[in-house]
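**Q** I have a structure here, written as structure tokens, and I will follow up with some questions on it.
The values are calculated or read from the model by the stated rules, or taken from the named source; none is laboratory data. Just so it is clear, the structure is predicted and the values come from calculations on it, not from any experiment. In this analysis, Cβ positions are derived from the backbone assuming ideal geometry, glycine residues included, and neighbour counts consider all displayed protein chains.
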Amino acid sequence: MALHIGAQSVSPQTASPTVTVHQRVNQSCELVQPAELRDNGKYASLVVLGTDSEIYSSELAKDDFLSYSKEVPGKLVKLARKSGFGVRPGGSNADAPTVVDLNGNGQCPNLEEALQTAEMQRRDRRVQVQSRLYHLTSDNVTLPSSIHTPAPEQKATGAGSTGTNEKVVEGVVILNIVVDREGNVTKAKVVRSLTPDMDKKAVEGVKTWKFNPSRKNGVPVAVEMNIEVAFHRN
């Protein structure tokens, strides 16, 4: 079935509560950092205090988690869990980044090395997530929302399409498209044809469209889906 593209609703940003992010940098050492837990409407994200970049659950390892105090709203905790974060109660007592030696063996890197390792690990995981092409019906990704999706030109331009004999065809072309993680349409293929001329117009028009990209647990990803392009008589 073809999908109709609609705008996504995003909750307005309010003051974000602080949580503590626990990220393993090796088997026995943990980087602990204070971060804001943000409600983005469809997903939760983290922003380490003093930085601008968002962290998504897919960028953390299985053993990584965030801890929260009772001041964090239950609805936000639920959204964080739904977004894929490991979530544990236990307070938010980290005032600054620090490295914790979990086994007491004195083999932990210094803070600068731990921060660099954590950033590299998150970047590598993000690349893995974004290297795939996802499908709306099976991969639990959000629907891309339209930014600029003008209707294609309605009139045919083939033989017999000049003057008062201009041919206007009414109907729907169904296209299979790929929207990349930047929100651009990179591929468009006709699934259900109307006429060759209208099919061409639909493909050309859709390739100029711009979207807010789909997201998987917050990470922008490329998605494949079907859309309808309608032609009407004026």
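**Q** So, of the residues in the range 113-139 that are of a type outside the set (S, T, N, Q) and in a loop (DSSP other than H, G, I, E, B), which turns out to be surrounded by the most Cβ atoms within 10 Å (Cβ to Cβ)?
**A** 136
**Q** Follow-up. Step by step: first the residues of the range 86-117, then only those that are aliphatic (A, V, I, L, M) and closer than 28 Å to residue 75 by Cα, then the one that is nearest to the chain's Cα centre (by Cα). Which residue is that?
**A** 87
**Q** Do you know which of the residues in the range 37-59 that are more than 25 Å from residue 109 (Cβ to Cβ) and surrounded by 16 or more Cβ atoms within 10 Å (Cβ to Cβ) is farthest from the chain's Cα centre (by Cα)?
**A** Across the range 37-59, the extreme among qualifying residues is 37.
**Q** Further question on the same structure: What residue, of 201, 189, 216, is among the charged types (D, E, K, R), closer than 30 Å to residue 80 by Cβ and out of contact with any Phe, Trp or Tyr (no Cβ under 6 Å at 6 or more places or on another chain)?
**A** 216
**Q** For the range 189-216, name all the residues that are farther than 30 Å from residue 40 by Cα and buried (at least 16 other Cβ atoms within 10 Å of the Cβ).
**A** Result: 190, 194, 197, 198, 199, 200, 201, 202, 203, 205.
**Q** Restricting to the range 120-161, give me the number of residues that are closer than 18 Å to residue 211 by Cβ, polar (S, T, N, Q) and modelled with pLDDT of 95 or more.
**A** Residues flagged as closer than 18 Å to residue 211 by Cβ, polar (S, T, N, Q) and modelled with pLDDT of 95 or more within the range 120-161 amount to 1.
**Q** Only residues that are part of a helix (DSSP H, G or I) and either in contact with a strand residue (DSSP E or B) (Cβ under 8 Å, 6 or more places away or on another chain) or outside the structural domain of residue 46 (by TED's automatic domain parsing) (or both): list them for the range 94-112, please.
**A** 111, the sole residue that qualifies.
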